[in-house]
Amino acid sequence: MAQSIFITSAEGHSGKSTVALGVLDALSHATARVGVFRAIARSTAEPDYVLEMLLDHDGVDLPYDECIGVTYDDVRHDPDAALAVIVERYKAVEAQCEAVVILGSDYTDVGSPAELAYNARIAANLGAPVLLVLGGRSSEGATQPEQLGSSLPRTPAEMGQIADLALTELAHGRAELFAVVANRADPGFVAETVDEIRRVVAAAARPGGAVVPVWAIPEDRYLVAPSMRGILRSVDGALLSGDPDRLTREALAVVVAGMSMVNVLPRLLEGAVVVIPADRTEVLLATLLANASGTFPSISGVVLNGGFEIPEPVTRLLDGLGSNVPIVTTELGTYETALRIMSTRGRLAADSQRRYDTALALFEQNVDTDELLASFGVARATVVTPLMFEFQLIERARTQRKRIVLPEGDDDRVLRAAATVLKRGIADLTILGEPFEVRARAIELGIDIQAAEVLSPFDAVHVHKFAEEYARLRAHKGVTHAQAADTVTDVSYFGTLMVHFGMADGMVSGAAHTTAHTIRPAFEIIKTAPGVSVVSSVFLMALADRVLVYGDCAVIPDPTSDQLADIAISSAATATQFGIDPRIAMLSYSTGESGSGAEVEKVRDATALVRERAPELLVEGPIQYDAAADAAVAAAKMPGSAVAGRATVFVFPDLNTGNNTYKAVQRSAGAVAIGPVLQGLNKPINDLSRGALVDDIVNTIAITAIQAQGLTA
C-alpha cells in the first residue's frame, strides 16, 4: 500500500499549491512511483490547473481523468456518496504508486465552515495523515496598487487562533495531523516573527503532547501577483498585439493612465500593467516607447479599456514598433477594469517558469525535506531513477557553490536555465553578452537573472588582459597581441580565459555553437590534466533504475589502445565523482579469448594498460555489451568475472560505436543521456548539444560545478 499525505487548509488562498508542489518534488527524489490525487475538483468548467501543474511534474506518470475524485456538485448533492466515490477512485491511484500526494478542496466554490471538517473526513477515510497549511495573510485584506495580489499580514496571535480552530476540526473528523506549514508569512516579519509563528502554531498543534513538524514559508510577491494571462481572463479581454509567451509574466502593480502622457511616464512602475483608455493612443505609444528606451521601468503589459477601435494609422505604427509587450483590449470601463485587475490572483502553473522555480526554491529553503521524508516514513529507494539522479546532481552542486560562466547569453534557453540555477542555488553564474541586452531579454521572458554577473566579451579591460595571456600561450604559433585581441572577444575564448584566470570555476557552452568551437579554446588554454594524454567525454546514462557511464561518445574518432586506456581511467574517475562504483567494461565484438583481429587486439592491449596504470580498478576486456550488462549472459561467457554482468562504465572502441549506442539506448530504452561530460582537462569545460533543452543545460551546469568541487576538494 502506498504512503499518502493529505494537504489541506482552513481557508482559500493559503498557497496550498506551493506546498503540494514542494512535497511532490521531495517525494519524487526519494521514491520511483509518485502519484497525485485531487479529492474535489476545483472547477467543472475548465481543467483544474493545480492538478495539471502537479501532473506535469517529471516524477508523475498518471492521466488527468484518473486523478480526480468528485466535483463540488457531487459533494453538495450527497456528501456520503461523494466520499465513497473519492475513496474508490483514490484506491485506484494508490495501487499504481509508492507514494501519493492528495490535495484537499480550495474553498473557491462553496467555501463554508464545514469544508475543513469534510476534508478531515476524507483524510480519515483515506488513511492519510494531514499536512495543514495555514495562510499567513488575511484573505480579506485590501490589495494595494503597488503590489498586486498582496493582502494584510496576520500576527502570530491570529495564526495561533486559526491553528487552534483548524486542529479542533481535524481532531473532530478523526484525521491524523502530520505537519503544519505557516505559508505566505510577510517577508518583513520573517526575521523577527517567523520563529514566533512557528512556536505559536507548534503549541496549538500539540494536543496531548504529540509533536509534529512545523515550518514557515515567507510570502513572495511573484507567487501572489497575477500573470498577464490571468488579467486577460479577468477583464474578458483579447490579445491585440505582443508576444503571447509574455502573458506568463507577472504584473506586480497597476497604473491607471487616465491622464496626459507627460504625467503618465513618471508614474510607470517596474512590472506594472498599465490601464489606458483605448482612445488615448498617444499615451499608449508613449508607454511603449518608454518601455523600449531602457530609461523607464519595464512594464508587464497594457490593457486598453473602453472598447474603442484603434485607428488604422496607429495600428500600422504599432506594427512598425515591433513591441513584444502584450496589449490586451477590453470593453470594460476604467473603474471596472482596474477593479477586476486588482482582484485577480496569481496562479501557480507549470507554464510560468519563474513561479515554478520560485515555489520550489521557497519550499526547499524553508522546509526541512529530510525531516519531512523521515516523518512521512519514506526511505530512500535503492534504485536510482533519472529524476533522482538529477536531484542528486543538484544537491551535490549546492554543497559548495561554484561560479560557472555561460558564454551564450543571447540564447533564451541559456537564460531560462540560468534563472533556474540561480533561484535554486545550484551555482553562481557569469553570463556573457551586452549587459543591457541580456537583462532586457530576461525581463521580456519574465525570468529573474538579477543575481548573475553579466559581462561583455568586448570589455576593454578584460580584452587587454586576456589578449596578453593568449598571445603568451600561443607565441609558439606566431600569434601576435593584435591577433589575440581579436580572438579573445569570441565568447568561447573569453569564457575559457575566465576559467583559466580563476574568474570562473568552469564553463558550459554549445547550445548555439559546435563542439569544436566550444572545446578548441580549452585544448589551447586549459590543456590536459597531469598524467592524462587526451581529452575525452562520457555520457551519464540514467536508465529506469540505475546510472551507467558511456565513453567516449563525442570527442576521439578512432582512439589508439593507449588512448582507450586513458579514456577508461578518466571515465572511472568521473563515475566515482558522481557516486557510481566503477566496474569497467572494455567493449568489443568479442568476449575474452573467443575472437581475434586488429580491433579486438586494440581493446585487449588497452585493457592490459588499464590494469598496469590503475591496478585498483576493476576492468574486463575485450567483452561484448550483453556479457557486460546481463548477468545471465555473463555467467555463460565469462563466469567468475567481477565486472561481467555488473559493469557500470562502458568504454567503446571508437566514436562511431559509442555515439550510435548512446543514442540507440537513449531513444529505445527511454534513458536520459546527460552530457557529453568532458574529462581530462585541468579545469572543467563542458559542451552542450545544440538541441539542448533547458533541463539539459541545468544538469550540465550542476555537473560542471561538481567537477570544479573535485578540483578543490
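Any idea what the dipole of the chain comes to, in debye rounded to 20, about its Cα centre with Lys/Arg Cβ at +1 and Asp/Glu Cβ at -1? With only Lys, Arg, Asp and Glu charged at Cβ, the dipole is about 1080 debye.
Helix 353-366 and the longest principal axis of the C-alpha atoms of the chain enclose an angle of approximately 90°. Each peptide in 214-220, 156-162, 311-317 gets a packing score, the mean of other Cβ atoms within 10 Å over its residues, and the list from highest to lowest is 214-220, 156-162, 311-317. Projecting the Cα atoms of Gly592, Ala419, Gln450 onto the charge dipole of the chain (Cβ charges, centred on the Cα centre) puts Gly592 farthest toward the positive pole.
For segment 547-604, applying the loop criterion from DSSP together with a ceiling of 12 other beta carbons within 10 Å to the GluC sites (Glu not before Pro) yields Glu593. In loop segments of segment 308-397 as defined by DSSP, the GluC sites (Glu not before Pro) with at most 13 further C-beta atoms inside 10 Å of their C-beta are Glu309. Within the same chain, lysines fewer than 8 places from Lys527 are excluded, and of the rest, those with a Cα less than 21 Å from its Cα are Lys402, Lys465, Lys477, Lys683.
Note on segment 510-570: dipole from Cβ charges, positive end direction compared against Val532, Thr560, Ala511; the farthest Cα belongs to Ala511. Of the chymotrypsin sites (Phe, Trp or Tyr not before Pro) found in segment 579-672, those in coil by DSSP whose Cβ has at most 16 other Cβ atoms within 10 Å are Tyr589. Quote the relative contact order of the chain in percent (integer), defining contacts as alpha-carbon pairs under 8 Å separated by 6+ residues. Relative contact order here is 11 percent. Protection proxy ranking for 535-547, 636-648, using the average of other Cβ atoms within 10 Å per residue and placing the highest first: 535-547, 636-648. With respect to the chain, whose longest principal axis is taken over its alpha-carbon atoms, helix 312-321 is tilted by about 30°.
When each of the peptides 406-414, 492-500 is scored by the mean number of other C-beta atoms lying within 10 Å of its residues, the order from highest to lowest reads 492-500, 406-414.
Taking Cα atoms only, the orientation of helix 694-712 departs from the longest principal axis of the chain by about 60 degrees. For segment 294-357, what does the relative contact order come out to in percent, with C-alpha contacts under 8 Å and a separation of six or more? Rounded, it is 36 percent for segment 294-357. Would you be so kind as to identify which of Tyr493, Val610, Gly333 lies farthest towards the positive end of the dipole of the chain, taking Lys and Arg as +1 and Asp and Glu as -1 on Cβ and the Cα centre as origin? Toward the positive end, the furthest listed residue is Val610.
For segment 524-624, a simple Cβ point-charge model (Lys and Arg +1, Asp and Glu -1, everything else neutral) yields a dipole of about 200 debye relative to the Cα centre.
Every number in this text was worked out from the coordinates using simple rules, so none of it is lab data. In this text, all values refer to a predicted model and were calculated from it rather than measured experimentally. Neighbour counts are summed over all protein chains in view; Cβ atoms, including those assigned to glycine, are modelled from backbone coordinates with ideal geometry.
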